[in-house]
Amino acid sequence: MTIKEVSEKFHMTADTLRYYEKIGLIDPVKRNASGVRDYQEADLKRIEFLRCMRLSGLSIGMLTKYLELSDQGDETIGQRKEILLQQRAEILAKMQELQDTLDHLNHKIDTYDEKIGKKIS
């Protein structure tokens, strides 16, 4: 796949993909005869993982650390799990905050509906 196709598939900019390659989050991508990046299945799996981790809020620095630990093998599973557990806790906290905000908005909407209903009656 070309960088444009990968960019569209994962809803990422081509600049982001090139940056990830530059800083080592993605291994150097093979090039075709014309010198154009030709992403392979392994590249796509890595990009999908990176996208998921970034959407979870994991920083580039922590993602780099996670991948470095992963490269060291199974003896770092505990450390990698801890990174994921911490990120999950952050997501759960954000979800609760969003739920509280939604509850507040719903309460306000209900209050306005009641006031509007009283005026119409």
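Out of the residues in region 1-44 that are basic (Lys, Arg) and within 23 Å of MET62 (Cβ to Cβ), which is surrounded by the fewest Cβ atoms within 10 Å (Cβ to Cβ)?
LYS22
Condition (residue is polar (S, T, N, Q) and over 23 Å from VAL6 (Cβ atoms)) applied to region 51-58: is it met by at least one residue?
no
Just to be sure I understand the filter: pairs with C-beta atoms under 8 Å, separated by 6 or more residues or on different chains, first member in region 80-104 and within 19 Å of LEU58 (Cβ to Cβ), second member in a helix (DSSP H, G or I) and of a type in the set (S, T, N, Q). Which pairs pass?
Going by the 8 Å Cβ cut-off, the qualifying pairs are ARG80/SER70.
What's the number of the condition ALA33 fails, among (1) assigned to a helix (DSSP H, G or I); (2) over 19 Å from the mean Cα position of the chain (by Cα)?
Failing condition for ALA33: (1).
Yes/no per residue for (1) touching a Pro at 6+ places or on another chain (Cβ under 7 Å); (2) over 26 Å from THR13 (Cα atoms); (3) part of a helix (DSSP H, G or I):
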| position | (1), (2), (3) |
| --- | --- |
| PRO28 | no, no, no |
| MET53 | no, no, yes |
| LEU63 | no, no, yes |
| ILE77 | no, yes, yes |
| ARG80 | no, yes, yes |
| LEU85 | no, yes, yes |
| HIS104 | no, yes, yes |
| HIS107 | no, yes, yes |
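If only one of ILE47, ILE26 is under 16 Å from LEU67 (Cβ atoms), in contact with a Lys or Arg (Cβ under 7 Å, 6 or more places away or on another chain) and without any contact (Cβ under 8 Å) to a residue 60 or more places away in the chain, which one is it?
The unique qualifying residue is ILE26.
Each reported figure results from applying straightforward, stated rules to the coordinates on display, with no laboratory input. Since the model is a prediction, treat every value here as computed from it, not as a measurement. Glycine also receives a Cβ, built like all others from the backbone with ideal geometry; neighbour counts cover every protein chain displayed.
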